[in-house]
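In what follows, a structure is listed as structure tokens, so that the remarks can point back to it.
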Amino acid sequence: MTRRILWAIVGVTCFAVVALAVPLGVVIDREFEGQALLRLERAAILAERDVPVGWRPGDPLVLGTPLRGTSFGVYDLGARLVSGTGPAQGDDAVRDALDDWVGERETSSSYVIAVPIAEGGSVVAVLRAEQALAVTDRRIRFAWASMAVLAAVIVGASIVLGRRLARRIAVPIESLHDRVSQLGADAPLVALPRSGMAELDDLATALEDASRRVTESVVRERQFSGEVSHQLRTPLTGLRLVLDAERAAPRPDRLAVLDEATASLDRLEQTVDQLLALGRRRPVDRNRLDMADVLGGVRRRWLPAFAERARTLDVDVDAASRVSAVVSLAAIDNVLDVVIDNALKHGAGRVRVTAAAIAGGVAVRVADEGSIELDATGLSDALDERDGDAGRSGSTRIGLRFARRLLRAEGGELVCTSRAPMEISVILPEV
């Protein structure tokens, strides 16, 4: 990249130099030619003043010293050379001067100026001045050589400055390229280097933000995959229990089992929608729910599972009838299912579920007769210990972590309020 930037800078500089030098060279050429004619005309006029008054062709005449490369000649009224240097017969410039004009011509080898020598208002002779083109050509070549040297200096300076600028641009871009190759990795990009160039620094900031968003999206998708596999087990298990119970002891009312199966499928659909909303951070509908209805649904869903394991589930629905909270039904159902499933599989004895109003909200407590014997530094760590102890297979760890994330999205919290006996509280905001 450095070489490409350098060649681009040098190429643009060379193009600019050529684009300026060519017309400038033409202007200099014409300017030098014009100056040569003016100098020659001035020299001829000064020499004409050296002609004494009353001079006639054939009289002795001494003219001033001409410029280098310049010669003078005097012609009579017949355009014949009578003094000095020049062609024996006068040319067009001499004939123009005989007509009382300043004659000006350019031959293949010289510039020619002819001025009339007048006396008493009449032309008595003509002074012809001639200068070789080589004199002006040397000046033009010197000017062109100076321009070439200046152009070489400019191009050389562009190479030196171009290298520095190319490195300044290329190094941070290459560094960005190396760092951006980590985009989408498990960890977000570290802070990208800043070059001091506003555009590149803005690009680095945008890439850092994009990396964080991509990483968060990847993490959410991975969490979503694990949470889906865990959370779908509960409604699927409930549906299996309904079907197994019906197969073992068919009921006369066939619609009852269909209603229960439909309810399990509805719950499965709610679980999927809630997981999608959480994983993609979509807004969910929240309503004020009567906690008695919520706990009633918990009892209906979990009594068969507890009966199968010969465990007791005590849900205090009556006490919950005086308590309500603004929360998503799917969210609170999923959270309570995770906590109760944890108590069923990893707790002991009877499991009791109660709901009560607390300052600023509602607390739904799930308690069992088990305990945590690990050396925790505080009750807030007990939930993580229970999670880790019960999660040797990884499933409960995912479930409790998901429940906590789900509650926090609802403005609530999942905390451990007791270790012996074990009690986990689901805290919901009042509004």
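Starting from residues that are of a type in the set (A, V, I, L, M) and either in a helix (DSSP H, G or I) or modelled with pLDDT of 80 or more (or both), keep the ones in the stretch 172-186 and report whichever is farthest from I9 (Cα to Cα).
We begin by selecting, within the stretch 172-186, every residue of a type in the set (A, V, I, L, M); these are 173, 176, 180, 183, 185.
Going one step further and asking which of them are either in a helix (DSSP H, G or I) or modelled with pLDDT of 80 or more (or both), we end up with 173, 176, 180.
Working: I173: 17, L176: 22, V180: 27 Å.
Only one residue tops the list, namely V180.
Only one residue in V315, V294, V257, V335 is in contact with a helix residue (DSSP H, G or I) (Cβ under 8 Å, 6 or more places away or on another chain), at pLDDT below 85 and crowded, with 16+ Cβ neighbours inside 10 Å. Which one? I'd like the intermediate steps shown before the answer.
Details: V315 fails: at pLDDT below 85; V294 fails: at pLDDT below 85; V335 fails: at pLDDT below 85.
Answer to the check: V257.
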Taking D96, is it modelled with pLDDT of 85 or more, among the charged types (D, E, K, R), closer than 27 Å to R30 by Cα and exposed (fewer than 14 other Cβ atoms within 10 Å of the Cβ)? no
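Criterion first (in contact with a Ser or Thr (Cβ under 8 Å, 6 or more places away or on another chain) and outside any helix (DSSP H, G or I)) does G58 satisfy it?
Answer is no for this residue.
Does R164 satisfy the condition of being exposed (fewer than 12 other Cβ atoms within 10 Å of the Cβ) and either in contact with an Asp or Glu (Cβ under 7 Å, 6 or more places away or on another chain) or of a type in the set (D, E, K, R) (or both)?
So R164 passes the test.
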Identify the residue in the stretch 5-59 that is out of contact with any strand residue (DSSP E or B) (no Cβ under 9 Å at 6 or more places or on another chain) and small (G, A, S) and, among all such residues, is surrounded by the most Cβ atoms within 10 Å (Cβ to Cβ). A21
Matching option when the condition is at pLDDT below 65 and surrounded by 14 or more Cβ atoms within 10 Å (Cβ to Cβ), among L207, L239, L189, L200: L189
Given (1) buried (at least 16 other Cβ atoms within 10 Å of the Cβ); (2) at pLDDT 80 or above, where does S418 come up short, assuming only one miss? (1)
So, I398, is that one surrounded by 17 or more Cβ atoms within 10 Å (Cβ to Cβ), modelled with pLDDT of 70 or more and not in a loop (DSSP other than H, G, I, E, B) or not? no
Can you list the strands (runs of 3 or more DSSP E) lying wholly within the stretch 97-171 that have 1 or more residues being out of contact with any Phe, Trp or Tyr (no Cβ under 9 Å at 6 or more places or on another chain) and acidic (D, E)? 103-106
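The values are calculated or read from the model by the stated rules, or taken from the named source; none is laboratory data. Keep in mind that this is a model prediction, so the values were computed, not measured. Virtual Cβ from ideal backbone geometry, glycine too; neighbours counted across all protein chains shown.
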